[in-house]
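Heads up, the thing below is written out as C-alpha cells.
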Amino acid sequence: MQTMYYIGLDVHKRTISYCVKDGSGAIHAEGTIPATRFDLDRWMKTLPQPWTAAMEATVFTGWIHDHLLPHAAALKVAHPADAAAIAAAKKSERICTRAPPKCAGRAFALLTKTYHGSRITGHAAKKRVLPFIGSV
C-alpha cells in the first residue's frame, strides 16, 4: 500500500505556501512558490505520489483548485468556518502548527464538504450566512 501525502496550501494573491507531510506527520517539504500556473506545474512535478491537498476558500482559490484537481488523489477547499475550527482544534490539542496538522489524515477528514466560491456542496450550504463581526 502506498503512503498518502497530505499537502496544506496557504493561498495568497501572489504566492502559495505549502507543507507536504505523510500520514505519520513527518514533513517532506515546505516552502513558497509564485501563484502562477507555470510555477504550479513545475512544483507538482516534484511532489511525491499519491498526494491530496486542502486549502481555505479565498478569492484566489478557484483557478488553483481547477488547475490542481486533475493531478491530485483528492483536493478539498475548506469553508472559512471549517478552517477556523481546525485551527482552534490544533491549538487545543497542541498539534504541529504547520499546515496540514500532524494528524494530517484526520484533519483532512474533518473537511467533509467543499466550499468553492459560489458553488457550495455538502453541508456547507447551511453555513452560507456567517455571523457578522465588527461594526458598520
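The values are calculated or read from the model by the stated rules, or taken from the named source; none is laboratory data. What you see is a predicted model, and the numbers here were worked out from it, not measured in a lab. Counting neighbours? That spans all protein chains shown, and the Cβs are built from the backbone with ideal geometry, glycine included. Ligands, DNA and RNA are excluded from the accessible area calculation, which covers all protein heavy atoms including side chains. Shrake-Rupley method; radii C 1.70, N 1.55, O 1.52, S 1.80 Å.
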Exercise. Within the stretch 51-64, which residues are over 15 Å from CYS19 (Cα atoms) and either among the acidic types (Asp, Glu) or without any contact (Cβ under 8 Å) to a residue 60 or more places away in the chain (or both)?
Worked result: THR58, VAL59, PHE60, THR61, GLY62, TRP63, ILE64
For this session: Would you tally the residues in the stretch 22-45 being in contact with a strand residue (DSSP E or B) (Cβ under 9 Å, 6 or more places away or on another chain), part of a loop (DSSP other than H, G, I, E, B) and under 13 Å from HIS12 (Cβ atoms)?
Result: 1
Exercise. Looking at the stretch 1-21, which of its residues are part of a strand (DSSP E or B) and under 16 Å from HIS71 (Cβ atoms)?
Worked result: TYR5, TYR6, ILE7, LEU9, ILE16, TYR18, VAL20
Seminar exercise, completed: Over the stretch 1-45, the set of residues in contact (Cβ under 8 Å) with a residue 24 or more places away in the chain, of a type in the set (Lys, Arg) and open to solvent by 60 Å² or more (accessible area, probe 1.4 Å) is LYS13, ARG37
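In the stretch 55-74, what count of residues is obtained for those that are modelled with pLDDT of 90 or more and within 16 Å of VAL11 (Cα to Cα)?
Here is the first cut: in the stretch 55-74, the residues modelled with pLDDT of 90 or more are 63-74.
If we keep only those that are within 16 Å of VAL11 (Cα to Cα) too, we end up with 63-69.
Number satisfying all stated conditions: 7.
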For this session: Can you work out which of the residues in the stretch 46-59 that are more than 19 Å from ALA73 (Cβ to Cβ) and touching a strand residue (DSSP E or B) at 6+ places or on another chain (Cβ under 7 Å) is surrounded by the fewest Cβ atoms within 10 Å (Cβ to Cβ)?
Result: THR58
Exercise. Inside the stretch 65-78, can you point out the residues that are more than 11 Å from the chain's Cα centre (by Cα) and touching a residue at least 12 places away in the same chain (Cβ under 8 Å)?
Worked result: HIS67, LEU68, HIS71, ALA72, ALA73
